[in-house]
Structure formats: C-alpha cells, structure tokens
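First comes the structure, then the notes that go with it.
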C-alpha cells in the first residue's frame, strides 16, 4: 500500500467534502479522516476536532496544485444573511445555505 500524506486539516466538513470532490474529479483518490469525531465538538479536545484530507504521496504535488488553483480564482465572499465568509468556489453559504449574492462579495 502506498504511503499517504496529509493535505489539509480543518473543522469545516462541507469545505472538506468540496475539496475531496474536486480532487476526485481530477483522478486523485482522497481519504477523509476525523469526520466521525465532529459530533463531539465541545466535548473533545480542539486538536481532535479536525477533518483531514489525505492523498497518496505520488499524487501530493498534483493535489496541492489543484487546491491552490481554487484559492487563486478570486476572493472569498460574505453571506448577506448570516455574514459568514465563504470560499469563492461555494455557491451556497456553508453556514446557513443562502445562495451567493453577487452584490455582496
């Protein structure tokens, strides 16, 4: 079995699944780790509340370039309903689900 490398870690499950989907459509197999532990937020130590994306070492540089390309597309946008900041690739607010408004980017 090929060694794996950690790409990113964070507490945003929706963003982790978005990145996973992007990488998988590029032919990069992704493993999510820590997803099941998010139900324990508030009860578990902060360092255990991360969702991590892991990829094979041979695909690491390609995966890194893919994730950097989505961050280079433009600035994040602020939801007009809940004021949450969202990644440029999100069409819906990750917090409240409101559709992106081009007037409030």
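If neighbour count is taken as other Cβ atoms inside 10 Å, put 59, 64 in order from fewest to most.
In order of increasing Cβ crowding within 10 Å: 64, 59.
Using the count of nearby Cβ atoms within 10 Å as a rough guide to exposure, how do 25, 18 rank from fewest to most?
25, 18
Within 10 Å of each residue's Cβ, count the other Cβ atoms and sort 61, 87, 52 from fewest upward.
On the way: 61 11, 87 18, 52 15.
The most exposed by this proxy come first: 61, 52, 87.
The numbers here are math on the coordinates, done by the rules we state, and not lab data. What you are looking at is a predicted structure, and each value in this text was computed from that prediction instead of being measured. Cβ: placed from backbone, ideal geometry, glycine included. Neighbour counts: every protein chain shown.
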